[in-house]
Amino acid sequence: MNYKSKIIAVAVLAIVASCAKNPFTGKSTLALVPNSEILPSAFQQYNQFLSENKVITGTSDAKRVETVGSKIKVAAERWLNANGYANYLEGYAWEYKLVDSKEVNAWCMPGGKIVFYTGIMPICKDDAGMATVMGHEVAHALANHGQQRMSAGVLQQAGAAGVAVATGSKSQETQQLAMTAYGATTQFGGMLPFSRAHESEADMIGLTLMAIAGYNPDTAVAFWERMAAQSGGQSPPEFMSTHPSNATRIAKIKELIPQAKAEAAKFGVTFK
């Protein structure tokens, strides 16, 4: 085995050894960066964000964010405990904050650090709409999507270094063309589909969580229809986006609703 082959073999073994299992899908996922490094950094970034933005407290909306968030947290704990993952949330320190911003957004950092912007509250409309968003964002954290994106970024950078080495003896123009081609291929053929897959996973997990929490997953369709209307059809083509198209997402959610209801039924939650 030559030197180059040894390097490739070591890299493959390192990747295999750095895989984790997604409990919700059963799939192996990249985990090149451990949660022991990710969570402290996420908590620090979350606290810094809160210190630099206006956090709304004491209002009915702020209390609703906490109430719905707590129910989604309990739903996640119930599902994980029932499926043999009792220690999966070790290191989590849940927080639910409402932040004053016109931006239509919400997010959950690794470790359960959640922010809702006031701009998304009218589109949520009610607690069920909030549960749709909360379940989706919490699902990203539970599925370790941030960890996977960081790991994919590490591999992308390693690949770029490989291209640089492989074309090192070529002209500068050839090197630039090769790097441009590599960047476009990995972005549109790898990173963006990777992100869209994460969004679809988060929809599936989020529907299950909101259903176990007692929110009818049927209402998720209406929320995403409101989001689609709010965007005004300005989203980029799906292949150029980190998110599925509105039509694709809504169609898939309709397919997933029976599965979410079936999971909720295992916990004694049913819907008319």
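The values are calculated or read from the model by the stated rules, or taken from the named source; none is laboratory data. Bear in mind the structure is a predicted one, so any value in this text is a computation, not a measurement. Please note: Cβ atoms are built from the backbone with ideal geometry, for glycine as well, and neighbour counts cover all protein chains shown. These accessible areas exclude ligands, DNA and RNA; they are computed on the full protein's heavy atoms, side chains included. Shrake-Rupley method; radii C 1.70, N 1.55, O 1.52, S 1.80 Å.
Quick check on Glu103: is it within 21 Å of Glu199 (Cα to Cα), of a type in the set (Asp, Glu) and surrounded by 20 or more Cβ atoms within 10 Å (Cβ to Cβ)? It is false that Glu103 is within 21 Å of Glu199 (Cα to Cα), of a type in the set (Asp, Glu) and surrounded by 20 or more Cβ atoms within 10 Å (Cβ to Cβ). Taken over segment 67-83, the residue count meeting the criterion of being open to solvent by 40 Å² or more (accessible area, probe 1.4 Å) and touching a residue at least 24 places away in the same chain (Cβ under 8 Å) is 8. Residues in segment 245-265 that are of a type outside the set (A, V, I, L, M) and farther than 12 Å from Ala213 by Cα: Ser245, Asn246, Thr248, Arg249, Lys252, Lys254, Glu255, Pro258, Gln259. Scanning segment 118-143 for residues that are within 20 Å of Lys54 (Cα to Cα) and surrounded by fewer than 18 Cβ atoms within 10 Å (Cβ to Cβ) yields Gly119, Pro122.
Scanning segment 42-66 for residues that are hydroxyl-bearing (Ser, Thr, Tyr) and surrounded by 14 or more Cβ atoms within 10 Å (Cβ to Cβ) yields a single hit, Tyr46.
Residues checked against (1) at pLDDT 60 or above; (2) assigned to a helix (DSSP H, G or I); (3) surrounded by 14 or more Cβ atoms within 10 Å (Cβ to Cβ):
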residue	(1), (2), (3)
Tyr182	no, yes, yes
Glu199	yes, yes, yes
Leu209	yes, yes, yes
Phe223	yes, yes, yes
Ala228	yes, yes, yes
Ser235	no, no, yes
Ala251	yes, yes, no
Ile257	yes, yes, yes
Gly268	yes, no, no
